[in-house]
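Okay, structure first, notes after.
The values are calculated or read from the model by the stated rules, or taken from the named source; none is laboratory data. Values in this document were obtained by computation on a predicted structure and should not be read as measured data. Backbone-built Cβ (ideal geometry, glycine too); neighbour counts: all protein chains shown. Calculation scope for accessible area: heavy atoms of the full protein, side chains included, ligands and nucleic acids excluded. Shrake-Rupley method; radii C 1.70, N 1.55, O 1.52, S 1.80 Å.
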Amino acid sequence: MSNNKFKILIVEDEPTICSFIYTLLDTNGYKTYVAPTCELGKSIFTSYLPDLIILDLGLPDRDGRELIHYVRQKFMTPIIVLSARTTEADKIEALDLGANDYITKPFSVREVLARVRSVLRRTSAARAESESIRFEGLEIDLRRKVCTLDGKELQLTKKEFEILALLLSNRGVIFSREEILRRIKDRAAEQKQILLSSIYLGV
Ligand code: CA
């Protein structure tokens, strides 16, 4: 898989570091998103389902470990922790929570790229399997936003896809029409917030 098919989310509040990693990944062909807070990181994660997260643990609103916990409830998305915390105990704790790798600040360009490539290589096959929902002949690929029935791709609108994914991820749960619309509307609001964040960071 070429780099331009991988999406990477950087969750980091320090604009200098954020811009540095963003530029590095962008020039190496990765589709890159940035979030300066844990909450925005969660929003971008659920909206875009990136292939990899680079996460700073010291965030202004919450501890970055909360994001690891949030992602791991449902997804195997690889996470590289980026932190100024250098003790052995901090590293072990992050790995125990489900991070795949750990980079200590300050870091070099080559180190970041090498770890990104290595983590993506190790995890991409296993993850593709876990990020699809299957029900009888129906298969929904949440990352690529493609839905197939008996192997044939269905032509769904964005809204139809969202509704189907919502219902299949929550089998057995009954949603009212209002609840479905509210959930879809919430996602639209998140997209707007993400755009504003990108403007704030100037990337
Ligand atoms: Ca920080």
Relative contact order (percent, whole number), the chain, Cα cutoff 8 Å, 6+ residue spacing:
17 percent
The helix 15-27 Cα axis meets the longest alpha-carbon principal axis of the chain at an angle in degrees, between 0 and 90 and rounded to 10, of 60 degrees
Run the helix sum for the chain: -39,500 (n - 2.57) per DSSP H stretch of 4+ residues, divided by residue count, reported at 222 nm to the nearest 500 deg cm²/dmol.
-16000 deg cm²/dmol
Distance in nm between label sites at residue 46 and residue 96, each 7 Å beyond Cα in the beta-carbon direction?
2.8 nm
As a test of the definition: which semi-axes, in Å, follow for the chain when you take the square root of five times each eigenvalue of its alpha carbon gyration tensor? Largest first, please.
30, 19, 17
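With the full set of protein chains in place, find how many percent of the accessible area of the chain is carbon and sulfur; take the probe as 1.4 Å.
On the way: 6000 of 11070 Å².
About 54 percent, which is the carbon plus sulfur part of the accessible surface.
Could the peptides 21-31, 48-58 be put in order, highest first, of the mean number of other beta-carbon atoms found within 10 Å of their residues?
Working: 21-31: 16.8, 48-58: 22.5.
Most protected by this proxy first, the peptides run 48-58, 21-31.
What are the chymotrypsin sites (Phe, Trp or Tyr not before Pro) within region 121-184 that DSSP puts in a loop, where the Cβ has at most 15 other Cβ atoms within 10 Å?
Values: sites: 135, 161, 175; in loops: 175.
Within region 121-184, the qualifying chymotrypsin sites (Phe, Trp or Tyr not before Pro) (loop, at most 15 other Cβ atoms within 10 Å) are 175.
Per the Kirkwood treatment, what hydrodynamic radius in Å, one decimal, follows for region 1-42 from the mean inverse distance over all distinct Cα pairs?
Details: mean 1/r = 0.0955 Å⁻¹.
Over region 1-42, the inverse of the mean reciprocal pair distance is 10.5 Å.
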Could you compute the FRET efficiency for residue 74 and residue 167, with r as their C-beta to C-beta distance and R0 at 22 Å, rounded to 0.05?
0.90
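Ordering 65, 171 by how much accessible area each has at a 1.4 Å probe, largest first, what is the list? Mind dumping the intermediate values first?
Values: 65 65, 171 125 Å².
Ranking 65, 171 by accessible area, largest first, yields 171, 65.
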When all protein chains stay in place, what accessible area (Å², nearest 10, 1.4 Å probe) is found for residue 160?
90 Å²
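Give me the extension gain from residue 103 to residue 180: residue separation times 0.36 nm, minus the current Cα-Cα distance, reported in nm with one decimal. Don't skip to the answer; put the middle values down first.
Details: separation 77, 0.36 × 77 = 27.72 nm, distance 4.00 nm.
Value of the extension gain: 23.7 nm.
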Using only Cα atoms, find the angle between the long axis of helix 158-169 and the longest principal axis of the chain, and express it within 0 to 90 degrees, rounded to the nearest 10.
90 degrees
Residue 89 to residue 160: extension gain in nm, 0.36 nm per residue of separation minus the Cα-Cα distance?
21.0 nm
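Take the cross-link list 74/159; 158/185; 159/185 and give me the ones stretching past 20 Å between alpha-carbons. Kindly include the intermediate steps, with their values, before the conclusion.
On the way: 74/159 22 Å; 158/185 12 Å; 159/185 10 Å.
Correct reply: 74/159.
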Suppose the chain between residue 16 and residue 39 were pulled fully straight at 0.36 nm per residue; how much longer would it get relative to their current alpha carbon spacing?
6.3 nm
Reachable lysines from residue 105, Cα under 26 Å, same-chain residues fewer than 8 places away excluded?
7, 31, 42, 91
Can you give me the angle between helix 88-97 and the longest principal axis of the chain, using Cα atoms only, in degrees from 0 to 90, rounded to the nearest 10?
10 degrees
Long-range amide H partners of residue 6 with built H, under 5 Å
31
Accessible area per residue, 1.4 Å probe, Å², for the chain: what's the number?
55 Å²
For the pair residue 144 and residue 61, what calculated FRET efficiency results from E = 1/(1 + (r/R0)^6), where r is the Cβ-Cβ distance and R0 = 35 Å, to the nearest 0.05?
0.70
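Over all alpha-carbon pairs in region 132-185, figure out the percentage whose distance exceeds 18 Å.
Working: 432 of 1431 pairs.
Every Cα pair in region 132-185 considered, those over 18 Å come to 30 percent.
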